[in-house]
Every structure is written in structure tokens, then in C-alpha cells.
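Since the structure comes first, as C-alpha cells, the remarks are kept for the end.
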Amino acid sequence: MPLITREDKAAEITSLSEKFGRSKAAFLVDFKGMDVESVTKLRKTLKPVNSEMKVVRNTLAIRALSDHPAIKPVLEDKLVGTNAIVFVYEDPSASAKALSTFGKDVEAFQLKSGVMDGAGLDEAGIKYLATLPGKNELRAMLLGTLAAPMSKFVRTLNAVPEGFVRVLNGQKEKLEKA
């Protein structure tokens with residue numbers, strides 16, 4: 001690896017600390033054995049779900065975590081080997097879905113752990129998070145729940161005139177026969 005200056009290290013630590021501060025969740029992944037094309041594909045997969053992957057030096061990531069005491073104990077001991085951190089800025093379940101799906105396609109990719117709201121997640125926890133509905137699906141479910149009573153009320157209101165028309169029609173047919 002090329003030599004980096006003290007200023008470069010300080011800038012990297014500041015950048016990582018800012019990303020940890022902004023993110024709603026962070027997932028630690030091992031990309032060892034992946035080719036450049038696969039890494040690029042993963043980055044493109046994460047962009048639409050408002051997430052980004054950053055390859056990090058473990059020592060710099062640990063220093064950046066010093067500014068975030070809630071998540072430092074969760075991730076600090078996992079920062080061993082070749083790591084990248086996926087910063088999730090919007091919907092953690094959508095990002096977990098993208099990572100889980102990508103992991104099925106690329107054998108070399110491995111989910112190691114993660115943190116969300118200060119709580120640690122192991123690989124099974126991240127995969128469970130991937131099964132949860134995303135923000136848009138939850139909105140649709142809520143909208144359906146809110147709309148159900150109104151649509152039932154409208155159907156009930158329509159039933160009254162329909163029933164009245166049937167009674168009148170039956171009376172008309174009865175009078176025509178007579």
C-alpha cells in the first residue's frame with residue numbers, strides 16, 4: 001500500500017467519523033477475493049438504496065469510532081482482515097436486502113456484522129433485517145389500512161340505493177303481472 005501522510009490519515013478519520021454520524025446503520029463486509037468488476041457492481045447496487053461502501057484501514061476506522069461511543073464496542077473487535085463498511089443513510093432493510101442478494105450471487109462476498117441504533121447485528125441478524133418490508137412497502141400497508149374503513153363506508157352507502165332500486169323494480173314487475 002502506498003504511504004499516506006499524517007494529514008491524509010486525519011482527513012480519512014474525519015470523513016469516516018462523519019459517515020458514522022450520518023448513517024442509520026453500518027454493515028461490516030469482507031470483500032477479499034472479489035474482483036474489481038464485482039466491487040463496482042456492489043457499489044452500483046447500493047447507490048439506489050442511499051448507501052455507500054467504503055474500503056477502510058482498520059486502524060483508521062477504530063480511531064473514527066472513538067467519536068461514537070455507542071457503536072465503537074460493537075464494531076471495534078470485528079475490524080480484522082480486509083474490510084469495507086457499508087454506510088446506510090436511509091432504509092436499513094433495503095440495504096440489507098441488497099447485500100444479502102449480492103452475497104447469494106458472489107461467493108467471495110461475506111457479511112460479517114453490523115450496527116443499527118447502537119445494537120450489534122451478526123450475519124443472521126442482517127439477513128433477518130433483509131426479510132423485513134422496506135419503507136415504501138410499509139407506507140403502502142399503512143395507506144391500505146387507513147383507506148379500508150372509508151371504502152367500506154362508501155360501499156355501504158351505495159348498497160342502500162341499490163336495494164331501494166331492487167325493491168321498486170320488484171314492485172313494478174309485480175304490478176305489470178297483475
- Note on the structure: All-but-one check, Lys112 against (1) closer than 30 Å to Gly33 by Cβ; (2) in a loop (DSSP other than H, G, I, E, B), failing number (2)
- Does the range 40-80 hold any residues that are touching a residue at least 40 places away in the same chain (Cβ under 8 Å), among the β-branched types (Val, Ile, Thr) and in a helix (DSSP H, G or I), and which are they? Thr45, Val49, Val74
- Residues of the range 120-157 classified as polar (S, T, N, Q), at pLDDT 80 or above and surrounded by 10 or more Cβ atoms within 10 Å (Cβ to Cβ), total: 1
- Just a yes or no: is a residue in the range 45-52 among the polar types (S, T, N, Q) and at positive phi? yes
- Tell me, yes or no, whether the range 96-105 has at least one residue that is within 24 Å of Pro48 (Cβ to Cβ), basic (Lys, Arg) and in contact with a helix residue (DSSP H, G or I) (Cβ under 6 Å, 6 or more places away or on another chain). yes
- Looking only at the range 67-92, count how many residues are among the hydroxyl-bearing types (Ser, Thr, Tyr) and touching a Ser or Thr at 6+ places or on another chain (Cβ under 8 Å). 1
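The values are calculated or read from the model by the stated rules, or taken from the named source; none is laboratory data. Here the structure is a predicted model, which is why all the values come from computation and not from measurement. For neighbour counting, all protein chains shown are included, and Cβ atoms are generated from backbone atoms with ideal geometry for every residue, glycine included.
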